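The values are calculated or read from the model by the stated rules, or taken from the named source; none is laboratory data. If you're wondering where the values come from, they're calculated on a predicted model, not measured in any experiment. Every residue, glycine among them, receives a Cβ derived from its backbone with ideal geometry; neighbour counts consider all protein chains shown. For accessibility, only protein heavy atoms count, side chains too; no ligands or nucleic acids. Shrake-Rupley method; radii C 1.70, N 1.55, O 1.52, S 1.80 Å.
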Amino acid sequence: SDFTKFIELKPKNALAYFNRGHSKGILKDYRGAIVDITKAIEIDPKNAQVIYYRELGICKIFSNQKNSGCLDLSKAGELGDSKAYDEIRKYCN
């Protein structure tokens, strides 16, 4: 609820969407996480950490969207997030 309130005050803050999405992912609300983190990406598309956490690829993979999730992880890796490649090896082979 704190992230939601912050987003109401600063709707262009990518990190707030990212954090709320990350929290939703932890709670296994993968669809909600995808929506929030997609919004974060729209606001700040160059942020590799945001793209990596499309709980990112991970939430999509856990939501039976493996191909799309693996593509997101690959994009995160291209943008400099080396952890994304570990996740690719774990989930995308």
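The set of residues in the range 1-32 that are among the basic types (Lys, Arg), closer than 20 Å to residue 68 by Cα and in a helix (DSSP H, G or I) comprises 24, 31. It is to be established whether one or more residues within the range 47-59 are among the small types (Gly, Ala, Ser) and open to solvent by less than 70 Å² (accessible area, probe 1.4 Å). Yes, that holds for at least one residue.
For the range 13-39, the set of residues classified as of a type in the set (D, E, K, R) and touching a helix residue (DSSP H, G or I) at 6+ places or on another chain (Cβ under 6 Å) consists of 20, 24, 36, 39, listed by residue number. Looking at the range 33-93, the helices (runs of 4 or more DSSP H) lying wholly inside it that each contain 2 or more residues that are modelled with pLDDT of 85 or more and over 8 Å from the mean Cα position of the chain (by Cα) sit at 56-62, 66-78, 83-91.
If you go through the range 56-77 and keep only what is without any contact (Cβ under 8 Å) to a residue 24 or more places away in the chain and among the charged types (D, E, K, R), you end up with just 72.
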